[in-house]
Amino acid sequence: MRKILLAAAALTTVAVAAPAMAQDSYPADTAATTDAPATTTTGAPDGTGAFGFEPYVAVMGGWEGFDRNPGHGIPSTPIGGSKLQGGTVTGIVGANVPLGPVFVGAEGEVTKGVDGAIDWGYGAAGRFGFRAGESGLFYGKVGYRWVNFDRYGPNSPDFHAVTYGVGAEVGPKDIGLGGLTGNSGVRLRFEVSTFGDAKSFRPQAGLVAHF
């Protein structure tokens with residue numbers, strides 16, 4: 001009798017576990033034809049679709065220093081004088097267009113100097129790159145930027161040039177913080193850019209909120 005009861009219990013356990021095991025073993029491309037929940041493997045960062053439109057805003061802090069040499073739209077700094085440099089805070093508004101494993105986009109920025117010689121800056125740029133991990137992005141950017149300086153007084157002219165940069169964004173799941181923000185779309189962003197023909201150096205870091 002005990003053997004019969006054990007056999008019945010074993011059969012019951014297998015009957016209950018089999019559907020769950022089968023559900024876990026469904027290939028991603030057949031999930032849509034079964035009762036198992038579909039799994040998106042080509043979605044955009046933070047749970048959006050493979051193709052779409054993803055607006056965002058960002059706040060970044062950093063530093064920028066301009067070289068002392070003439071010929072790049074900024075007057076040269078006399079030897080012995082203080083360099084045109086200082087801390088900055090930048091606000092950004094932009095949008096990404098996910099295209100499968102890659103993306104393109106555009107953004108505009110406004111920068112305020114918080115110390116040193118830089119007063120205001122503003123510009124726009126295009127971005128292009130690819131996705132990595134759950135919500136990561138690696139990108140390059142090309143744009144045009146204007147900047148003026150406290151050193152030249154309240155009527156400082158706007159100096160302008162083409163800008164180039166590279167950067168990365170990483171979401172909470174990619175840095176081991178899964179579950180803290182879920183799919184809220186908050187990422188860390190790191191970027192390095194230059195003004196003109198590599199005549200400045202601007203590292204920045206901040207937070208990006210995607211919608």
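Assorted remarks:
- Matching residues in region 86-126 - criterion: being part of a strand (DSSP E or B) and touching a helix residue (DSSP H, G or I) at 6+ places or on another chain (Cβ under 6 Å): Asp119
- Filter result for Ala161 (in contact (Cβ under 8 Å) with a residue 40 or more places away in the chain, within 17 Å of Tyr56 (Cβ to Cβ), small (Gly, Ala, Ser) and not in a loop (DSSP other than H, G, I, E, B)): no
- Any hit, region 173-182, residues being open to solvent by less than 60 Å² (accessible area, probe 1.4 Å) and in contact with a Phe, Trp or Tyr (Cβ under 6 Å, 6 or more places away or on another chain): no
- Sole exception among (1) open to solvent by 70 Å² or more (accessible area, probe 1.4 Å); (2) within 17 Å of Gly65 (Cα to Cα); (3) within 23 Å of the chain's Cα centre (by Cα) for Val114, by number: (3)
- Residues in region 164-181 that are of a type in the set (A, V, I, L, M, F, W, C) and either at positive phi or part of a loop (DSSP other than H, G, I, E, B) (or both): Leu177, Leu180.
- Out of Gly153, Gly113, Gly73, one residue alone is at pLDDT 90 or above and either of a type outside the set (A, V, I, L, M, F, W, C) or under 20 Å from Phe190 (Cα atoms) (or both). It is Gly113.
- If you go through region 133-158 and keep only what is surrounded by fewer than 20 Cβ atoms within 10 Å (Cβ to Cβ) and not in a strand (DSSP E or B), you end up with Gly133, Glu134, Asp150, Arg151, Tyr152, Gly153, Pro154, Asn155, Ser156, Pro157, Asp158.
The values are calculated or read from the model by the stated rules, or taken from the named source; none is laboratory data. All values derive from a computational prediction rather than experimental measurement. All Cβ positions, glycine included, derive from the backbone under ideal geometry; neighbour counts span all protein chains shown. Note: accessible area is taken over every heavy atom of the protein model, side chains too, but ligands, DNA and RNA are not part of it. Shrake-Rupley method; radii C 1.70, N 1.55, O 1.52, S 1.80 Å.
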